[in-house]
Structures are given as C-alpha cells and as structure tokens.
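Since the structure comes first, as structure tokens, the remarks are kept for the end.
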Amino acid sequence: MKVLLLAVISLLAVSAEIPTTEGPSDPSPSDISYSPFSVYDSRYALGTFAKLNYFQAQITCASNGYTLASINSEADQQRIRNFFYTRGHSQLHLLNEPIWTSGTNLANLNNWVWLSTGRIFTFRNFESGSPSSSYQRCLGVNGITSLWVAEDCSAQRYFLCERRCADGFDIYN
C-alpha cells in the first residue's frame with residue numbers, strides 16, 4: 001500500500017512540474033484541437049506523439065479519460081493485436097519495440113499486476129528471458145510479436161491506453 005501511495009505521489013509531483021505558458025496571446029482552449037493519440041477506436045488509443053516514461057504515459061492516458069492498457073487474457077491480447085494491425089497498420093514501423101501497458105511489479109518484485117485494475121497477472125506472454133533483472137519493473141508489449149517485455153520504467157516508449165468501462169461491464173462480452 002505504501003508503494004502505491006508513493007506511486008500516486010510521484011505521479012502528482014511529475015504533473016506539478018509541467019510548466020504552463022498561458023498568456024494573453026495564447027488561443028483559448030476551445031480553439032485548440034489536440035489529441036496525444038495517433039490511432040484510436042472505441043476501446044484503445046495508441047500514443048505516438050512522443051516517447052514517454054511509464055509514469056508520464058500513465059498521466060497522459062488518465063488526463064484523456066483512459067488508463068494504460070491491461071491484458072488479462074488471450075482474448076485481450078488478440079483484441080490488442082487486431083487493434084495494432086487494423087488501426088495502426090500505417091505505423092507498424094513504430095510498433096517493433098515495447099509499448100507501455102499498465103503492467104508493473106513496482107509494489108512487489110515477485111508479483112506482476114495491472115496498475116490500471118490492481119489485478120495480479122493470470123495470463124502471461126513474456127518473451128523468452130524476460131523479465132531478466134530487478135530494475136525492469138514496468139511492462140511493454142511488442143506491437144508486432146505481441147510478446148511482453150519487462151523494461152526500466154524510465155525508458156522512453158510509445159504507449160497503449162484503454163478506455164475503461166464501469167465495473168461489471170465489458171463492451172466486448
């Protein structure tokens with residue numbers, strides 16, 4: 001619980017450090033049309049405007065009504081694979097490296113969980129040899145192979161966000 005609290009405080013600290021540049025010459029927010037997502041559908045959104053660390057990706061997803069994606073089953077893995085190939089086909093060259101998901105073992109080195117849901121992994125798709133060290137505590141998914149890779153949380157990566165449904169609802173079941 002202490003680690004989760006520390007993670008939340010860290011996220012708040014990072015967001016507090018983002019400078020604001022509002023001034024009289026800035027256009028009003030209603031005049032700006034901005035999305036950090038290059039590709040999206042009703043459930044997923046792929047952030048490729050910039051590579052971010054794990055915590056920045058969490059904040060970007062949350063500030064746009066999403067969470068970093070979780071992969072709880074082979075069916076989830078297949079939906080993400082389909083999303084990458086149908087919606088992200090024009091950006092496949094960006095997908096051959098880890099893309100942040102909400103997977104992490106920051107709270108306990110021996111337990112991987114989906115930070116977006118708090119659920120312990122029941123389905124795993126790690127590539128051979130991963131995770132390989134104690135400093136690789138955050139999870140990326142390769143958009144081409146669909147294999148999972150443990151990464152240093154400070155690594156700069158593209159990210160996959162997921163729109164969450166209310167508890168008890170799943171838009172696909």
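Filtering segment 152-162 to residues that are modelled with pLDDT of 95 or more and either closer than 11 Å to Asn125 by Cα or of a type in the set (D, E, K, R) (or both) leaves Asp152, Arg157. The criterion of being in contact with an Asp or Glu (Cβ under 9 Å, 6 or more places away or on another chain), modelled with pLDDT of 50 or more, of a type in the set (A, V, I, L, M) and closer than 24 Å to Asn142 by Cβ holds for Ala45.
In segment 72-85, the condition of being part of a loop (DSSP other than H, G, I, E, B) and modelled with pLDDT of 85 or more is met by at least one residue.
Pull up segment 118-152, narrow it to residues that are among the charged types (D, E, K, R) and either without any contact (Cβ under 8 Å) to a residue 40 or more places away in the chain or in contact with a helix residue (DSSP H, G or I) (Cβ under 6 Å, 6 or more places away or on another chain) (or both), then point me to the one that is surrounded by the most Cβ atoms within 10 Å (Cβ to Cβ). Looking at the filtered set, the residue picked out is Arg137. In summary, Tyr135 fulfils each of the numbered conditions (1) closer than 16 Å to Ile99 by Cβ; (2) touching an Asp or Glu at 6+ places or on another chain (Cβ under 6 Å) with the single exception of condition (1).
Select from segment 56-71 the residues that are assigned to a helix (DSSP H, G or I) and either of a type in the set (A, V, I, L, M) or in contact with a helix residue (DSSP H, G or I) (Cβ under 9 Å, 6 or more places away or on another chain) (or both) and list them in ascending order. So that I can check it myself, show each step before the final result.
Here is the first cut: in segment 56-71, the ones assigned to a helix (DSSP H, G or I) are 56-63.
Answer for segment 56-71, where residues must be assigned to a helix (DSSP H, G or I) and either of a type in the set (A, V, I, L, M) or in contact with a helix residue (DSSP H, G or I) (Cβ under 9 Å, 6 or more places away or on another chain) (or both): Gln56, Ala57, Gln58, Ile59, Ala62, Ser63.
Of the residues making up segment 86-114, just one is within 14 Å of Phe159 (Cα to Cα), part of a loop (DSSP other than H, G, I, E, B) and of a type in the set (A, V, I, L, M, F, W, C), namely Leu95.
The values are calculated or read from the model by the stated rules, or taken from the named source; none is laboratory data. Model, not experiment: these values are computed from the prediction. Note that we place each Cβ from the backbone using ideal geometry, even for glycine, and neighbour counts take in every protein chain shown.
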